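Read-outs throughout are calculated quantities, based only on the coordinates presented, and are distinct from any laboratory measurement. Quick caveat, the model's predicted, so the values are computed rather than measured. When we count neighbours, we look across all protein chains shown, and the Cβ atoms used for this are built from the backbone with ideal geometry, even at glycine.
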Amino acid sequence: MQQKILLIGGPGTGKTSVLNELIKRDYFCFPEISREVTLKAQQQGIEQMFLTQPLLFSKMLLEGREQQFLDALKSESKIVFFDRGIPDVHAYMDYFKTEYPSIYIEKSKQYKYDKVFHFSPWKDIHEIDNERYETFEETTAIDVFLMKSYTDLGYNIINIPFGALEERTNFVLNSLSCDL
């Protein structure tokens with residue numbers, strides 16, 4: 001039986017670094033798609049689509065993350081990792097106080113992950129770049145909404161300790177080894 005493993009946390013908390021390390025170790029992984037959506041919008045002259053067209057941006061994320069989930073189901077991999085999940089979409093809209101249709105919650109309930117690993121805000125590694133514009137304070141606030149969304153959906157959240165990349169990656173894998 002396939003395990004769908006989710007990495008969550010605010011921007012700049014180390015999720016993508018751990019995912020990239022998992023890829024190097026030959027695990028099947030789905031990257032965060034918001035950077036791709038943001039870059040495409042910027043190429044069309046929309047600097048921050050989430051801020052200017054939040055529902056369109058969120059719709060594109062929801063569709064992309066749903067497709068990742070469906071693609072994972074087609075895979076023969078026993079473990080599949082995801083950098084962010086479907087519930088992240090409505091968590092961000094809650095953070096920005098954006099009203100949205102019930103389909104976002106419905107999809108979050110329809111597509112369930114087996115384990116959720118949480119990366120807490122960590123000031124020492126937080127960086128702002130072309131696609132990640134949130135300050136550390138904003139990351140901390142977003143994290144509260146992420147935790148609430150996943151907790152409200154009944155997920156048991158496993159917190160990743162701070163540490164070197166290899167330590168954090170090993171923590172995830174060691175947490176899974178008892179289930180394999």
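Using a 10 Å Cβ count of at most 13 others and DSSP loop calls, identify the longest part of the chain lacking such GluC sites (Glu not before Pro). Don't skip to the answer; put the middle values down first.
Values: sites that count: 47, 76, 99, 127.
Within the chain, the longest run free of exposed GluC sites (Glu not before Pro) spans 128-180.
Given points 7 Å out from each Cα along the Cα-Cβ axis, report the residue 24 to residue 110 separation in nanometres with one decimal.
A separation of 3.7 nm, rounded to one decimal place.
Of 15/115; 24/107; 59/107, which sit over 23 Å apart, Cα to Cα? Mind showing how you got there, number by number?
Details: 15/115 14 Å; 24/107 30 Å; 59/107 12 Å.
As for pairs spanning more than 23 Å Cα to Cα, those are 24/107.
Which label marks the calculated value of Cα extents along the principal axes in Å, given the options (i) 51, 32, 31; (ii) 44, 36, 31; (iii) 51, 37, 28?
For Cα extents along the principal axes in Å, the calculated option is (ii).
Pop the C-beta distance of residue 136 and residue 77 into the FRET formula with R0 = 35 Å and round what comes out to the nearest 0.05.
Plugging the Cβ-Cβ distance into 1/(1 + (r/R0)^6) gives 0.50.
Roughly speaking, what is the stretch gain from residue 151 to residue 36, that is 0.36 nm per residue apart minus the C-alpha to C-alpha distance, in nm to one decimal? Let's see the in-between values first.
Details: separation 115, 0.36 × 115 = 41.40 nm, distance 2.74 nm.
The span from residue 151 to residue 36 would gain 38.7 nm if fully extended.
In terms of Cα to Cα distance under 16 Å, which lysines are near enough to residue 109, apart from those fewer than 8 places away along the same chain?
4, 148
Just to confirm a number: summing +1 for Lys and Arg and -1 for Asp and Glu over residues other than residue 146 whose beta-carbon lies under 10 angstrom from that of residue 146, what do you get? Walk me through the numbers on the way to the answer.
On the way: positive: 84, 148; negative: 88, 94, 143.
Spelling it out: positives minus negatives among the neighbours equals -1.
Report the gain in length on full extension from residue 158 to residue 97: 0.36 nm times residue separation, minus Cα-Cα distance, nm rounded to one decimal. Intermediate values should be presented prior to the final figure.
Working: separation 61, 0.36 × 61 = 21.96 nm, distance 2.68 nm.
Stretched out fully, the residue 158 to residue 97 stretch lengthens by 19.3 nm.
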